[in-house]
Amino acid sequence: MKTVGIRDNICIKGEKTTCGSKMLEKFIAPYNATIVEKLTSNSIDFKKVSMSEFGLKNDDIQINECAIITDLEGDISKICIKNNLVGIKPTFGLVSRYGFISSAPSLEQVGVIGKTVEDCKELLNIIKGYDKRDSGSANIDVDLEKKTDNLKVGIVKDVKNREKTEKFNLIEVEISNLKYAKVIHYIISSAEASSSLAKYDGIRYGYRTKQYSNLKDVYKNTRKEGFEYETKKKMIAGTFFLDVNNREDYYIKAEKARTMIKTEMNKIFEEIDILIVPVKDNYIHLANLTGRPSLTIGMNTIIGKHFEESKLISLANEIQNGGAKNV
Amino acid sequence: MYNDYEMVIGLETHVELGTKTKIFCGCSTEFGGEPNSHCCPVCLAIPGAMPVLNEKVVEYAVRAGLATNCQITKFGWQDRKNYFYPDMPPAYQVSQTEEFICKNGYVEIETDDGTKNIRIHEIHIEADAGKLIHDNLEECSLVDLNRAGVPLIEIVSEPDMRSAKEVEDYLRNLKGILEYTGVSDCKMQEGSMRADINISVRKKGDTKLGSKIEMKNMNSFKFIIKAINYEAQRQIDILEDGEKVISETVKWDDQKQKTISMREKDSAAYRPFPDPELMPIVLDDEYVESIRKTLPELPKARQKRYLSEYGLPIYDTKFITNSKYLCSIFEEATNVSGNPKMVSNFIMSDISRILKEKEIEESNIPFSGENIGKLIILINKGTISTSIAKKVLIDMFETAKSPEEIIKEKGLVQISDEGIIKEVVSKILSQNEQSVLDYKAGKDKALGFLVGQAMKEMKGKANPVILNKLFIENLKK
């Protein structure tokens with residue numbers, strides 16, 4: 001494998017890990033993320049890929065080869081359709097988060113991007129696996145090579161680009177709670193960001209303001225100067241949603257709605273193995289909200305059941321090879 | 001004025017668990033050590049490092065809950081309490097604000113009206129913060145994060161206590177129970193057990209709660225009693241003046257003998273929500289029962305055993321079984337001396353008095369039960385008198401020596417030689433003719449005086465029985 005790009009929010013020991021932020025401009029990670037250790041033990045070279053601050057703005061980065069990219073809100077899907085690449089955002093718990101600096105730990109995942117499905121599979125195979133240093137890591141053996149026939153494939157009406165999937169027996173699916181996905185995602189990711197980004201305070205490491213005469217100043221000015229507008233907006237929104245007066249109406253409601261979506265998706269997936277969705281608002285939020293794996297190929301994304309990445313890979317191969325096999 | 005009102009008191013007791021490592025990482029929890037030497041990316045909140053819950057912490061919390069009659073929560077989780085302070089690296093404290101690991105327990109105390117249950121609302125687990133040391137010379141604060149991430153349980157009582165005595169009894173009993181379970185060494189002076197006391201007052205008969213004052217981080221029984229009584233009176237005085245009590249946090253200033261208002265930390269709400277990096281704590285009945293089996297004999301059961309095995313009065317058994325350290329002293333001393341009642345008396349009177357005076361914790365008693373046993377044997381053999389024994393005990397508190405060594409070194413062996421004593425008796429009699437006449441005239445007190453003088457002459461070492469006998473014999477003449 002050639003050199004793999006690694007997004008700059010993944011810790012590489014002895015190297016700057018900036019998350020695209022002034023806050024961590026000079027921060028040198030004192031340890032390796034678990035996935036970096038795995039790359040090293042497989043003799044794979046890597047180099048950092050830059051990003052917007054904590055990935056909170058749409059990244060406009062050029063990627064034209066294998067890369068490990070974190071996905072909060074369809075980041076991988078968007079990069080893939082823009083650069084004609086294939087990408088996989090895995091099931092929550094398949095890839096260790098230890099050493100990955102996340103603003104929203106219940107939503108953000110580490111995924112892979114490559115030129116072909118095979119590239120993605122190979123890279124995912126290396127970085128996946130149980131890690132006891134990550135409490136959410138799944139102690140489950142997942143075989144990416146597993147072949148499955150007779151996959152039941154669902155599709156939503158909003159998928160306009162159907163040419164590569166015409167030959168499959170498609171089941172039309174409707175997601176009645178779809179329209180809440182983006183808003184729920186926004187509330188929960190903002191709430192988590194307001195908490196997870198609070199540790200950047202100029203006290204122990206990272207950027208510290210030069211304008212202070214007391215402790216409050218250190219906090220206020222460091223965070224005022226060290227963060228960009230988008231990030232500040234997100235944290236303020238999150239603080240608002242968690243405030244005692246708003247919590248019930250926003251944060252609690254959002255988590256309840258999240259459960260509602262999970263339940264509905266579980267029901268939908270009783271009838272199908274894979275669901276084809278477009279790369280559009282609300283759809284790009286589904287996989288992260290439910291922890292399901294998703295694979296983006298061509299202009300669409302296919303979502304699967306938890307830990308059934310192998311089925312996504314099977315179908316994607318069919319699509320890539322223009323397979324004549326009826327599914 | 002005071003009698004119209006009642007105090008209403010609840011406690012939040014923080015107890016450091018005696019696990020080897022911290023709550024979310026493998027760093028040592030050992031007390032002391034170079035500042036910031038027991039730290040790692042996790043407890044320093046270095047970006048990307050993630051917490052993993054220490055299983056022992058859950059086990060210890062369940063032990064504490066079972067020992068205090070709590071229900072154990074089968075599906076719980078941990079929440080983040082968000083606030084900025086340099087002693088809290090992640091800028092949030094991981095605690096539990098909803099599904100606490102233990103709920104609805106109680107601790108028994110003895111009141112004048114019989115046994116009373118002080119109800120426990122919850123026990124929850126949380127991470128401790130680091131320490132700030134304020135350097136007055138450099139005008140800065142030094143941050144030591146060794147303690148950041150040390151596991152705590154917080155035991156929250158209902159506001160069931162009505163006096164400083166009830167608070168003291170509750171806290172002593174709670175401490176005793178936790179020491180039995182082995183989950184903490186409960187050393188108040190070292191800070192492994194500290195109490196926040198919430199106190200308000202109201203007219204007797206009122207059911208509504210008054211504005212409460214919070215007294216934080218109290219770790220001395222002496223101060224707790226003083227502070228509670230001071231605060232209650234202060235609040236009553238305010239209400240009697242027609243004013244309202246303002247809810248605030250205070251601390252006890254022992255120099256000024258009063259409570260002082262503390263500058264509040266930013267008391268904005270903590271915006272708690274479930275920690276997304278941690279998974280739910282799921283426990284089943286099998287797990288809980290397996291822990292229940294490992295609990296040692298708890299105070300109540302031990303009291304029953306002491307009653308039957310040693311034939312001690314109920315008061316004695318309750319006193320001793322309150323602390324596992326007193327129990328081990330008692331049992332060892334009884335083994336050696338064969339006299340449980342004498343041992344018990346020693347523990348309840350002289351030993352306890354000295355512990356209270358010098359503010360020594362039971363876990364820090366510097367001598368063994370064996371040595372107390374030996375001391376009692378020496379009394380029973382007549383080698384020393386009871387009053388000399390009390391002096392030896394004080395020495396035992398201060399040195400690590402055995403009673404035999406102390407007696408030898410200080411020459412405290414009781415003199416029972418009748419010849420020697422007779423000489424002193426004669427001398428005292430000849431020097432105090434008036435007392436002799438008084439005694440013969442029927443004043444028994446005179447004998448006591450003469451005996452006292454002789455004892456003084458013999459530096460307290462005379463065998464009192466023989467001394468008395470010889471005086472009486474001589475006076476009869």
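Can you list residues from other chains, or at least 5 along the same chain, whose modelled amide H is less than 5 Å from the amide H of residue A:6?
A:47, A:48, A:49, A:68
Any idea what angle helix B:221-240 forms with the longest principal axis of chain B, computed on alpha-carbon atoms, 0 to 90 degrees, nearest 10?
Once rounded, the angle reads 70 degrees.
I'm a student and want to see the number: the projected area of the Cα convex hull of chain B, averaged over all directions, in nm².
Computed as one quarter of the Cα hull surface, the answer is 31.2 nm².
For residue B:397 paired with residue A:267, estimate the spin-label separation in nm (one decimal), with each label point 7 Å from Cα along the Cα-to-Cβ line.
7.4 nm
Return the long-range amide H neighbours of residue B:5 (sequence gap of 5 or more, or a different chain), with a cut-off of under 5 Å between placed amide H atoms.
For residue B:5, whose amide H was placed from the backbone, the distant partners under 5 Å are B:204.
Using a 10 Å cut-off around each Cβ of peptide A:234-241, what is the average number of partner chain Cβ atoms that fall inside?
Mean partner-chain Cβ count within 10 Å for A:234-241: 1.
Express the relative contact order of the range B:424-477 as a whole percentage, based on alpha carbon pairs under 8 Å and six or more residues apart in sequence.
Relative contact order of the range B:424-477: 39 percent.
What aspartates and glutamates does residue A:164 reach when the alpha-carbon gap must be under 17 Å and sequence neighbours fewer than 8 apart in one chain are set aside?
Hits, sequence-local ones excluded: A:172, A:318.
Highest mean first, how do B:72-82, A:293-303 rank when packing is the count of other Cβ atoms within 10 Å averaged over residues?
Highest mean packing first, the order is A:293-303, B:72-82.
Does anything in the range B:4-27 have its amide N under 18 Å from the 7 Å Cα→Cβ label point of residue B:217, and if so which residues?
Once the point is set 7 Å along Cα→Cβ of residue B:217, B:12-17 turn out to lie under 18 Å by backbone N, inside the range B:4-27.
Need the C-alpha centroid separation for the range B:139-165 versus the range A:149-205, integer Å.
Centre-to-centre distance over Cα atoms comes out at 43 Å.
Among A:95, A:19, A:200, which residue has its Cα positioned farthest towards the positive end of the charge dipole of chain A, with +1 placed on the Cβ of Lys and Arg, -1 on the Cβ of Asp and Glu, and the dipole taken about the Cα centre?
Going by the Cα projections, it comes out as A:200.
Of the listed peptides B:125-136, B:250-261, what is their order by residue-averaged count of other C-beta atoms within 10 Å, with the highest listed first?
Taking the mean over residues of other Cβ atoms within 10 Å, the ranking is B:125-136, B:250-261.
Could you derive backbone 3J(HN,Hα) for the range B:136-146 from the dihedral phi with the Karplus parameters 6.51, -1.76 and 1.60 (θ = phi - 60°), listing whole Hz in sequence and x where the residue is Gly or Pro?
With coefficients 6.51, -1.76 and 1.60, one gets 5, 5, 7, 6, 8, 10, 9, 9, 10, 9, 4 Hz.
Using Cα atoms only, what is the angle between the long axis of helix B:164-181 and the major principal axis of chain B, expressed in degrees (0 to 90) to the nearest 10?
On a 0 to 90 degree scale, this one is about 80.
Take the cross-link list B:103/B:251; B:222/B:401; B:222/B:251; A:160/A:267; A:232/B:131 and give me the ones stretching past 18 Å between alpha-carbons.
Among B:103/B:251; B:222/B:401; B:222/B:251; A:160/A:267; A:232/B:131, the Cα-Cα distance tops 18 Å for B:103/B:251; B:222/B:401; A:160/A:267; A:232/B:131.
Rounded to the nearest 20 Debye, what is the dipole magnitude of chain B about its Cα centre when Lys and Arg each give +1 and Asp and Glu each give -1 at the C-beta?
It works out to roughly 2040 debye.
Tell me the label-point distance for the pair residue B:253, residue A:147, using the 7 Å Cα-to-Cβ offset, in nm and rounded to one decimal.
8.3 nm
Taking the Cβ of residue A:157 as the center, what net charge do the other residues with Cβ under 13 Å away carry, scoring Lys and Arg +1 and Asp and Glu -1?
Every neighbour counted, the sum reads 0.
Could you tell me the distance between the Cα centroids of the range A:269-296 and the range B:323-357, to the nearest Å?
71 Å
Around residue B:95, with a cut-off of 9 angstrom between Cβ atoms, what is the net charge of the other residues, counting Lys and Arg +1 and Asp and Glu -1?
-1
Calculate the mean, over all residues of peptide B:82-92, of how many other protein chain Cβ atoms lie within 10 angstrom of the residue's Cβ.
The per-residue average across the peptide is 5.
So what's the angle, to the nearest 10 degrees on a 0 to 90 scale, between helix B:386-398 and the longest Cα principal axis of chain B?
With both axes taken from Cα atoms, the answer is about 40 degrees.
What does the charge dipole of the range B:221-380 about its Cα centre add up to, to the nearest 20 debye, if the Cβ of each Lys and Arg holds +1 and the Cβ of each Asp and Glu holds -1?
It comes to approximately 580 debye.
Which cross-chain or sequence-distant (5 or more) residues have an amide H under 5 Å from the amide H of residue B:250, H modelled 1.01 Å from N in plane?
When sequence neighbours closer than 5 places are left aside, the close amide H contacts are B:214, B:215, B:216, B:262.
For chain B, build the charge dipole from Cβ charges (+1 Lys, Arg; -1 Asp, Glu) around the Cα centre, then report which of B:210, B:373, B:180 sits farthest towards its positive end.
Among B:210, B:373, B:180, the one farthest towards the positive end of the dipole of chain B is B:373.
Contact order normalised by length for chain A, with contacts defined as Cα pairs under 8 Å and 6 or more residues apart; what percent is it?
21 percent
Please say if the range A:81-235 is rounded, prolate or oblate, where rounded means a/c under 1.5 for a ≥ b ≥ c the square roots of the C-alpha gyration tensor eigenvalues, and otherwise the choice is prolate for a/b larger than b/c and oblate otherwise?
Note, shape of the range A:81-235 comes out prolate.
From the cross-link list A:199/A:262; A:152/A:280; B:318/B:459, which pairs have alpha carbons spaced over 29 Å apart?
From the list (A:199/A:262; A:152/A:280; B:318/B:459), the Cα-Cα distance tops 29 Å for A:199/A:262; B:318/B:459.
To the nearest 20 Debye, how big is the dipole of the protein assembly as shown about its Cα centre, given +1 on the beta carbon of each Lys and Arg and -1 on that of each Asp and Glu?
That gives the protein assembly as shown a dipole magnitude of about 520 debye.
Picking from B:161, B:435, B:451, whose Cα lies most toward the positive end of the charge dipole for chain B (charges on Cβ: Lys, Arg +1; Asp, Glu -1)?
Value computed over the given set: B:435.
Could you tally the net charge around residue A:33, taking each other residue with its Cβ under 13 Å from the Cβ of residue A:33, Lys/Arg +1 and Asp/Glu -1?
+1
Just tell me which aspartates and glutamates come within less than 18 Å, Cα to Cα, of residue B:244; anything on the same chain fewer than 8 places away is out.
Cα-Cα hits under 18 Å: B:4, B:6, B:206, B:214, B:231.
Arranged from highest to lowest average of other beta-carbon atoms within 10 Å per residue, in what order do the peptides B:12-20, B:396-404 appear?
B:12-20, B:396-404
Other chains' Cβ within 10 Å of A:4-14 residues: what's the mean?
If you average over the peptide's residues, the count of other-chain Cβ atoms is 1.
So, in Å, what gap is there between the alpha-carbon centers of the range A:23-83 and the range B:443-477?
The two parts, judged by their Cα centres, are 95 Å apart.
Every read-out reported here was derived from the displayed coordinates using simple, explicitly stated rules and does not represent laboratory data. This one's a predicted model, so the numbers in the text were calculated from it and none came from an experiment. Cβ sites come from the backbone with ideal geometry, for glycine too, and all protein chains shown count toward neighbours.
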